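Novice: If you scroll down you'll find the structure; I have some questions about it.
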Amino acid sequence: MRIGMLTSGGDCQALNAAMRGVVKGLSHNLDDLEIFGFYNGYRGLIYGDYRKLTNQDFSGILNVGGTILGSSRVPFKTIQVPDENGLNKIEAMKQNYYDLNLDCLVILGGNGTQKTANLLRQEGLNIIHLPKTIDNDIYGTDMTFGFYSAVEIASQSMDCIHTTAASHNRVFVVEIMGHKVGWLTLYSGLASGADIILLPEIPYDDKKILEAIQKRKQSGKDFSIIAVAEGAISKQEALLSKKDLKQQRKKEKAPSISYKIANMIMENSEFDARVTIPGHVQRGGAPCPYDRILATRLGAAAAQCILDKDYGNMIGIINNKIERIPLEKVAGKLKYVDPESDIVKEAKCIGISFGD
């Protein structure tokens, strides 16, 4: 059996652990197995940049962050646009797949990666997709590997901010990754005791933020921690079209949402505000034990899916049970935070403001 593997999109923790799970699951059940790793995501598949891998390549990588294959972003919206030399990317990927006589291509990635994976499935290739992203926004699975590792890092960042915020009686705005969904901000905000959590799914009101900070001061707490997703928007912005919102953001002096909120607080209150942006640190380092276990389970399940020749699936986890979900049912969909979900209601119950 000949298997191709690639990791596409932003890197995250446990990519290596997931690939290791796939290879171990196959090698322990097959006498004749060849693995081809494509470098830098879909670019490797497009331009034939690959290497034949051995079991040794997957030894000792369970707790290693990043990806041994490298990654890159090839946006889905441009995947069917010829490159600068006129190369048809889809046909090039198919040709390299067939030239290597692959039985299956295992693709590890997020939403954009998944859409291209589904397109390749529609083109007749045997595809298995493993859902990775620190955003946990892939539809059809309860959890993605990389998420809890990022929650841990983001939470640690806010834990450290607490002491300096309390020492200087300041408001700290901590910007967490997440352009379209707020799972990472929600979970890390809860884990670190943030006082205000701002998500893309729950448009905020400046007055509500100021009221929440003032309420804490009246209770004897002169500092506040605001966890804000990088894609958070105000109630006024929520009324704009995507095009108008983009144009408005370009006109703003603040380099990001966290600075915009910090400036708003200082301009409309007596509070001093500071910004902290953990940034790509959230995607780096060793995967936490949960992600190592999840990635290994998903990898092993992907191996069994290949052994069963049941292709065209995403391997997800639902109610702690590994499931095979047809790509055609989930590709192109996002899993958003429901403003009326139990976890949001529970957060509000303990006094956390969502600015709404």
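Novice: Report the residue count in the stretch 265-300 for those that are buried (at least 22 other Cβ atoms within 10 Å of the Cβ) and without any contact (Cβ under 8 Å) to a residue 40 or more places away in the chain.
Specialist: Total satisfying the criteria: 0.
Novice: If you scan the stretch 150-186, which residues turn out to be more than 30 Å from Leu334 (Cα to Cα) and among the basic types (Lys, Arg)?
Specialist: Answer for the stretch 150-186, where residues must be more than 30 Å from Leu334 (Cα to Cα) and among the basic types (Lys, Arg): just Arg170.
Novice: Can you give me the ranges of the helices (runs of 4 or more DSSP H) entirely in the stretch 40-154 with at least 2 residues that are basic (Lys, Arg) and open to solvent by less than 60 Å² (accessible area, probe 1.4 Å)?
Specialist: Filter on the stretch 40-154 gives 89-99.
Novice: Can I ask one more? So, in the stretch 312-322, exactly how many residues are surrounded by fewer than 18 Cβ atoms within 10 Å (Cβ to Cβ), on the phi < 0 side of the Ramachandran plot and touching a residue at least 40 places away in the same chain (Cβ under 8 Å)?
Specialist: 1
Novice: Let me ask something else. What pairs come out if I take residues in the stretch 203-224 that are within 29 Å of Asp338 (Cβ to Cβ) and pair them with residues that are among the basic types (Lys, Arg) whose C-beta lies under 7 Å away, six or more apart or interchain?
Specialist: Going by the 7 Å Cβ cut-off, the qualifying pairs are Pro203/Lys235; Tyr204/Lys235; Asp205/Lys235; Ser224/Arg216.
Novice: While we're looking at this one, here's another question. Could you say whether any residue in the stretch 11-20 is closer than 18 Å to Ala117 by Cβ and surrounded by fewer than 24 Cβ atoms within 10 Å (Cβ to Cβ)?
Specialist: If we filter the stretch 11-20 for residues that are closer than 18 Å to Ala117 by Cβ, which is where we start, we get 11-12, 15, 18-19.
Then drop every residue that is not surrounded by fewer than 24 Cβ atoms within 10 Å (Cβ to Cβ), which leaves 11.
There is at least one residue in the stretch 11-20 that is closer than 18 Å to Ala117 by Cβ and surrounded by fewer than 24 Cβ atoms within 10 Å (Cβ to Cβ).
Novice: Could you run through the stretch 235-264 and say how many residues are farther than 25 Å from Val171 by Cβ, open to solvent by 100 Å² or more (accessible area, probe 1.4 Å) and either part of a loop (DSSP other than H, G, I, E, B) or in contact with a helix residue (DSSP H, G or I) (Cβ under 7 Å, 6 or more places away or on another chain) (or both)?
Specialist: Number of matching residues: 1.
Novice: Tell me which residues, restricted to the stretch 326-342, are surrounded by fewer than 18 Cβ atoms within 10 Å (Cβ to Cβ), of a type outside the set (Ser, Thr, Tyr) and either in contact (Cβ under 8 Å) with a residue 12 or more places away in the chain or in a strand (DSSP E or B) (or both).
Specialist: Pro326, Glu328, Lys329, Gly332, Lys333, Leu334, Asp338, Pro339
Novice: Considering only the stretch 193-203, state which residues are open to solvent by 10 Å² or more (accessible area, probe 1.4 Å) and farther than 12 Å from Val344 by Cβ.
Specialist: Gly193, Asp195, Pro200, Pro203
The values are calculated or read from the model by the stated rules, or taken from the named source; none is laboratory data. Everything numeric here is computed off the predicted structure, so don't read it as measured data. When we count neighbours, we look across all protein chains shown, and the Cβ atoms used for this are built from the backbone with ideal geometry, even at glycine. Quick note on the areas: whole protein, heavy atoms, side chains included, nothing else; ligands and nucleic acids left out. Shrake-Rupley method; radii C 1.70, N 1.55, O 1.52, S 1.80 Å.
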